[in-house]
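First comes the structure, then the notes that go with it.
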Amino acid sequence: EPLIRDEEAIAATRRKASRFVLVSTVPEAFQGRTMDAAAILQTYKGQIQVECNFSILKDPYFVDEMYLKKPHRVEVLGYLFLIALLVYHAIQSKVRSQTSTRNPLIATTKRKLEQPTTREIFRLLEYIQVIVFRMPDGSRHRQMGQPLGSEERRLLAMFGWDESLYV
């Protein structure tokens, strides 16, 4: 049976993929220009560095199917995203300042990371297991599921931590 294009489904998917969340404190009239949603989006899209930094927050995982009833909640969410982005970027900057061509991180895929992204950094720390034992007296004992690898230890050391952070 031949495949038939479902134009309605294609249009719905395009509409969903073309959503933009705009959070701005720019007044309606700014620098002699009316700043409606279209003007803000056009200005924003002209800033490639901003676009790269915010790409993580534009992931549908964070903004898909999100409903906030009141405008102040949207504003608060925007500020929370900015704080998260600041932390995300600070982690990346800290690690990049301590890696180089001669001293790269080694990814879980064994690839050399001279300028690792925060996503790659988190991937290195993603599968650390901590086992919690509940003792008969009600106390808890924590221990690592397996020893940390050299790159995991190195990453923690970059921030002045060791594996005691987990236990």
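The table below lists the values:
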| item | result |
| --- | --- |
| Positive minus negative residues near Leu82 (Lys, Arg vs Asp, Glu; Cβ under 14 Å) | 0 |
| Dimensionless Rg ratio for region 76-167, taking C-alpha atoms and the 2.2 N^0.38 Å reference | 1.32 |
| Heavy atoms of Lys112: accessible area, 1.4 Å probe, square angstrom to 10 | 140 |
| Helix-only CD estimate at 222 nm, as mean residue ellipticity for the chain, using -39500 (n - 2.57) per DSSP H run (n ≥ 4) | -13000 deg cm²/dmol |
| Separation of alpha-carbon centers, region 1-32 and region 72-148, rounded to whole Å | 32 |
| At q = 0.16, 0.17, 0.19 Å⁻¹, base-10 log of I(q)/I(0) for region 1-155 (Debye sum, equal scatterers on each alpha carbon) | -1.07, -1.11, -1.21 |
| Karplus (6.51, -1.76, 1.60) ³J(HN,Hα), θ = phi - 60°, over region 134-144, in Hz, Gly and Pro reported as x | 9, 7, x, 7, x, 6, 10, 10, 10, 8, 5 |
| Reach of Lys45 by Cα under 19 Å, taken over lysines that are not fewer than 8 positions away in the same chain | Lys16, Lys58 |
| C-alpha long axis of helix 7-17 to longest principal axis of the chain, angle in ° | 60 |
| Most to least packed among 9-18, 77-86 [average Cβ atoms within 10 Å] | 77-86, 9-18 |
| Between 0 and 90°, nearest 10: helix 71-96 axis offset from the chain longest Cα axis | 50 |
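The values are calculated or read from the model by the stated rules, or taken from the named source; none is laboratory data. Bear in mind that the values here come from a model prediction, so they are computed numbers and not experimental data. Neighbour counts are summed over all protein chains in view; Cβ atoms, including those assigned to glycine, are modelled from backbone coordinates with ideal geometry. To get the accessible areas, we keep the full protein, side chains included, count just its heavy atoms, and leave off ligands, DNA and RNA. Shrake-Rupley method; radii C 1.70, N 1.55, O 1.52, S 1.80 Å.
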